[in-house]
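The structure appears below as structure tokens.
The values are calculated or read from the model by the stated rules, or taken from the named source; none is laboratory data. For clarity, every value in this text was computed on a predicted model and none was experimentally measured. Cβ coordinates were reconstructed from backbone atoms using ideal geometry, including for glycine residues, and neighbour counts include every protein chain displayed. Quick note on the areas: whole protein, heavy atoms, side chains included, nothing else; ligands and nucleic acids left out. Shrake-Rupley method; radii C 1.70, N 1.55, O 1.52, S 1.80 Å.
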Amino acid sequence: MNMDDVARRGLVLLGCGKMGSALLDGWLKGGLPPVSVWVVDPGPSDWLKTTGVHVNADLPDDPAVALVAVKPQMMGEALPAMQALGGGGTLFVSVAAGTPLARFESTFGAATPIVRTMPNTPAAIGRGISALIGNAAATDDHLALAEALMGAVGQTVRLADEGQMDAVTAVSGSGPAYVFHLIETLAAAGVAQGLDPDLAMALAKATVGGAGQLAEDSPEDPAQLRRNVTSPNGTTQAALEVLMDAQTGFPMLLARAVSAAADRSRELAHG
Ligand SMILES: NC(=O)c1ccc[n+]([C@@H]2O[C@H](COP(=O)([O-])OP(=O)(O)OC[C@H]3O[C@@H](n4cnc5c(N)ncnc54)[C@H](OP(=O)(O)O)[C@@H]3O)[C@@H](O)[C@H]2O)c1
């Protein structure tokens, strides 16, 4: 199965909020015909109505893909609408945080190919990263198709087992919030040093955005990029001595933050 099959047989999108809209926008820009898409959402947005996709219409009998993008707590209410698509012919893809493959298998049957993915918010600007894991019924072709679909909003990586999903959630899923907080606190620290808030915020945003881009584009790893801007006894070194402190700096803080997020992800999955 590939994107041509999706265009021919159709794609059902369950839930078209922030993540569903980002994905749909990416697919349409990538050339998927709007008539190949059926969206199920109780409150269709104004944007959705302009796209030309089918909205809350009768679903096709045998779509290539059903992509689930409702909030995890809405699953019980939302999934029955897709019941008829379970059993083998349709690939299910879920972007729901903390919702295990077993949850979908119990609704649609273990013979249903299901790929669970964890995207993140930069998907809204095509700069997300999604980790993917399939159930036993998902073939390499199914995973490749799920990658093509998630690739519309950024990069993709495959996981070796579903247990890694909690760590992924804690690193890249929740990670954008950590970076937003870094921006907030860097700007606030600039204000404490006498800068106007607007100026401090402009400096902090551009610094995090630019350094992030440089880290992604550069052939050098982030540790080397850090060394490149750290002259002995200079200003950067003075700051890094604080930030790299083993007891009170980033290493310990981020380890604790990521561990708390992973623990919470495991709790949500089990409960
Ligand atoms: N946003 C992210 O960055 C992100 C990252 C990783 C994973 N995810 C996952 O993506 C999923 C969606 O998140 P989101 O941020 O896009 O949430 P969202 O903006 O609230 O979107 C959910 C959409 O589903 C609709 N919906 C509610 N009940 C439904 C039903 N019974 N049938 C069909 N549609 C229904 C909602 O409509 P109403 O608004 O009318 O209720 C809304 O449009 C979640 O499972 C989340 O874990 C999101």
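Probe of 1.4 angstrom, ligands and nucleic acids ignored: what's the accessible area per residue over the chain, in square angstrom?
On the way: 14200 Å² over 271 residues.
On a per-residue basis, 52 Å².
Largest first, what is the accessible-area ranking of 54, 181, 142 with a 1.4 Å probe?
Details: 54 60, 181 100, 142 30 Å².
Ranked list, largest accessible area first: 181, 54, 142.
Enter the Cα centre distance for the pair the range 1-75 and the range 76-123, rounded to the nearest angstrom.
14 Å
Which order do 241, 147 take when ranked by solvent-accessible area (1.4 Å probe, heavy atoms of all protein chains), largest first?
Numbers: 241 120, 147 45 Å².
Listed by decreasing accessible area, they come as 241, 147.
Just to be sure I understand the rule: take each whole DSSP H helix in the chain, project its Cα atoms onto its long axis, keep it if the span is 18 Å or more and its mean Kyte-Doolittle hydropathy is at least 0.5. Which ones pass?
Numbers: long enough: 175-192 (26 Å, 1.18); 197-217 (30 Å, 0.33); 250-270 (30 Å, 0.20).
Answer set is 175-192.
Rank-order 244-253, 20-29 by packing density, defined as the average count of other C-beta atoms within 10 Å over each peptide's residues, highest first.
Details: 244-253: 11.6, 20-29: 20.4.
Peptide ranking by packing, descending: 20-29, 244-253.
Ranked from the most accessible area to the least, with a 1.4 Å probe and all protein chains present, what is the order of 129, 183, 114?
Working: 129 50, 183 25, 114 0 Å².
Greatest to least solvent exposure: 129, 183, 114.
Filter 18/205; 71/205; 18/71 down to the pairs with a C-alpha to C-alpha distance above 20 Å, please.
Details: 18/205 22 Å; 71/205 29 Å; 18/71 11 Å.
Violating the 20 Å limit, Cα to Cα: 18/205; 71/205.
Most fluctuating residue of 30, 15, 154 in a GNM of the chain with Cα springs under 10 Å: which is it?
Answer for the Gaussian network model of the chain: 30.
Let me check against my output: what whole-number percent is the relative contact order of the range 1-135, with C-alpha pairs under 8 Å and at least 6 apart? Provide the component values of the computation, followed by the final result.
Working: 237 pairs, mean separation 30.3, N = 135.
With pairs under 8 Å counted, the relative contact order is 22 percent.
Among 165-173, 222-230, how do they line up by average Cβ neighbours within 10 Å per residue, starting with the highest? Each step should come with its number before you reach the end.
Working: 165-173: 21.4, 222-230: 12.3.
Per-residue mean Cβ counts within 10 Å order the peptides as 165-173, 222-230.
State the percentage of accessible surface on the range 39-198 attributable to carbon and sulfur atoms; use a 1.4 Å probe and exclude ligands, DNA and RNA. Don't skip to the end; give the middle numbers.
Numbers: 4200 of 7340 Å².
Looking at the range 39-198 in its full context, I get 57 percent from C and S.
Report relative contact order for the range 133-271 in percent, whole number only (criteria: Cα-Cα under 8 Å, sequence separation at least 6).
Values: 63 pairs, mean separation 34.6, N = 139.
About 25 percent, as a whole number.
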